[in-house]
1. Within the set of pairs 6 or more residues apart or between chains, which connect a residue that is in contact (Cβ under 8 Å) with a residue 12 or more places away in the chain and among the polar types (S, T, N, Q) inside the stretch 263-277 to a residue that is near the ligand (Cβ under 6 Å from one of its atoms) and assigned to a loop (DSSP other than H, G, I, E, B) with Cβ atoms less than 6 Å apart?
2. Please state which of the following conditions Gly306 fails to meet, knowing it meets all the rest: (1) within 13 Å of the ligand (Cβ to nearest atom); (2) in contact with a helix residue (DSSP H, G or I) (Cβ under 6 Å, 6 or more places away or on another chain).
3. With respect to Asp301, is the statement that it is touching a strand residue (DSSP E or B) at 6+ places or on another chain (Cβ under 8 Å) and more than 19 Å from Leu120 (Cβ to Cβ) true?
4. Can you go through Phe197, Phe96 and tell me which one is touching a Pro at 6+ places or on another chain (Cβ under 6 Å) and either more than 14 Å from the ligand (Cβ to nearest atom) or modelled with pLDDT under 95 (or both)?
5. Tyr358 is checked against (1) closer than 14 Å to Asn9 by Cβ; (2) crowded, with 19+ Cβ neighbours inside 10 Å and fails just one. What number does that condition carry?
6. I want to confirm something. Restricting to the stretch 269-296 and keeping residues that are under 23 Å from His336 (Cα atoms) and among the polar types (S, T, N, Q), which single residue is farthest from the ligand (Cβ to nearest atom)?
7. Where in the stretch 1-79 are the helices (runs of 4 or more DSSP H), entirely inside, with at least 3 residues that are of a type in the set (Gly, Ala, Ser) and surrounded by fewer than 22 Cβ atoms within 10 Å (Cβ to Cβ)?
Amino acid sequence: MNYKSTRNNEVKVGSAQAIAQGISEDGGLFVPDSIPAITNEDISALGEMNYRDRASFVFSKFLTDYTEAEIRYCTEGAYNTKNFDSDNIAELAHLFDGTYMLELWHGPTCAFKDMALQILPYLLTTAIKKLGVDKKVVILVATSGDTGKAALEGFKDVEGTEILVFYPQDGVSAMQKKQMTTQEGENVGVCAIKGNFDDAQNGVKAIFTDPEIAKTLSDNGMMFSSANSINWGRLAPQIIYYVSTYAQLVKDGEIALGDKINVVVPTGNFGNILAAYYAKHMGIPVNKLICASNANNVLTDFIRTGVYDRNRPFHTTISPSMDILISSNLERLLYHLTDGNDAQIREWFGSLAKEGRYEVTDDVKKALSEEFYAGFCDDAQTKECIKNIYDQYSYTCDTHTAVAVKVYQDYKAATGDDTKTVIASTASPYKFSGSVLGAIGADTDADEFTLVEKLADVSKIPVPASLASLKDKAVRFDKTVDKTEMKDYVFETLGC
Ligand SMILES: *Cc1c(COP(=O)(O)O)cnc(C)c1O
């Protein structure tokens with residue numbers, strides 16, 4: 001299997017190259033040139049396997065230049081009980097009739113980003129070795145809160161790598177900030193920027209694609225790669241849990257083989273829901289992909305109208321990991337929906353960069369409405385939803401997951417569709433204790449760690465050890481720079 005650039009079909013690289021490089025030189029994203037198929041027999045067989053073996057199976061379809069032994073080395077190193085609090089890796093909780101919460105937050109940083117970022121360092125260092133590259137890999141990350149910490153944990157002290165993370169100074173939760181600024185490891189750097197997530201993401205993309213910066217790095221024996229979901233090595237691992245969940249539901253007798261399910265995903269950069277799209281097009285029977293947004297509802301409008309318009313106010317919400325107006329991975333979806341029309345993609349994304357807006361063709365609009373349903377809710381509705389679920393089902397969910405539940409309830413009310421449904425639960429409620437407690441109606445006038453203890457009282461969910469231990473950790477990184485100074489921070493930290 002080869003990977004092409006969404007902006008140039010002439011670019012053709014293997015999966016190791018795509019993962020090592022992170023983004024194509026033309027600014028496009030790497031996409032597989034075909035989507036491998038999965039059969040009903042495969043799904044039955046997967047039902048009998050553990051998560052590691054399911055992961056190895058899916059990777060073997062996409063990472064065709066990795067050997068079986070290399071894939072095993074990666075999946076066994078990442079998906080184990082040293083890193084995750086359950087050998088199931090992802091847990092499936094039955095919420096209410098025919099609705100399942102796919103809990104993707106049982107990893108070391110308590111958000112779904114761990115599902116990919118625990119394995120990405122293995123995939124990446126294996127790729128570098130395979131390609132015979134003799135350079136230190138510098139991972140640059142823009143984060144809306146969760147990716148940064150998950151990437152830091154994944155890459156800390158990984159030989160031959162260095163990781164630098166940029167986060168919006170006012171755009172992350174207190175716990176997220178504490179997680180990042182106290183990060184341990186000799187090869188890590190964390191820096192706040194004066195700006196929002198889109199500024200951080202644009203800054204990182206600009207550094208990546210600047211040939212002069214690349215040359216300076218190269219002269220110093222280094223190269224950049226990315227741990228954001230623009231990297232194929234982030235997306236491929238996310239396809240696995242949708243395949244795995246379907247196989248598990250069949251095995252558990254919750255659905256029959258071939259039955260369709262809906263998949264609801266709280267969405268920001270469009271990575272997680274795109275992974276569900278790939279799983280569907282591999283052959284997992286999916287009825288609707290339901291895209292849930294917060295008040296930054298650029299995707300809701302896009303899916304409903306075919307017009308992508310980022311010229312709108314940016315809202316800072318209680319679901320900060322979805323406070324995004326430029327959803328990078330939409331580029332991959334549109335590449336597939338246009339049958340690989342790279343010229344069209346260049347035009348649309350050129351227009352997005354220049355005018356902040358583009359409108360897709362009627363064919364694409366039709367495909368969007370067939371594949372997706374989109375909805376959004378604001379902070380008040382998110383809180384109300386957390387309270388309702390808590391009162392009715394004694395289930396405590398985080399602010400991002402609540403957005404998904406609310407949009408799903410709206411979908412169900414609007415359509416009457418009673419297809420069984422999997423909702424991606426993307427973070428532990430402990431990452432957003434203040435907002436969650438406030439929603440439930442508890443007093444929130446306390447510091448972050450007292451709030452965690454209070455949440456433990458009401459939720460009865462064990463406090464993740466990795467969050468509890470932050471309390472006694474010293475802040476190591478307190479630098480804030482202007483968004484125009486990101487490059488200087490990078491050179492300064494790398495010493496070049
Ligand atoms: C990153 C994140 C999201 C959004 O995921 P995308 O892949 O960017 O769409 C949703 N919820 C949480 C908790 C996250 O960390």
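1. These pairs meet every condition: Asn269/Ser229.
2. Every condition holds for Gly306 apart from (1).
3. So Asp301 fits the description; yes.
4. Sole residue among the options that is touching a Pro at 6+ places or on another chain (Cβ under 6 Å) and either more than 14 Å from the ligand (Cβ to nearest atom) or modelled with pLDDT under 95 (or both): Phe197.
5. Just one mismatch for Tyr358, condition (1).
6. In this case the residue turns out to be Asn287.
7. Helices (runs of 4 or more DSSP H) meeting the threshold: 40-47.
For (1) closer than 30 Å to Asp379 by Cβ; (2) open to solvent by 10 Å² or more (accessible area, probe 1.4 Å), each residue gets a yes or a no:
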| site | (1), (2) |
| --- | --- |
| Tyr241 | yes, no |
| Leu249 | no, no |
| Asp259 | no, yes |
| Val263 | yes, no |
| Ile273 | yes, no |
| Lys288 | yes, yes |
| Ala292 | yes, no |
| Asn297 | yes, yes |
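The values are calculated or read from the model by the stated rules, or taken from the named source; none is laboratory data. Keep in mind it's a predicted model, so treat the numbers as computed, not measured. Cβ: placed from backbone, ideal geometry, glycine included. Neighbour counts: every protein chain shown. The protein model used for the area step is the full one, side chains on, heavy atoms only, and it has no ligands, DNA or RNA in it. Shrake-Rupley method; radii C 1.70, N 1.55, O 1.52, S 1.80 Å.
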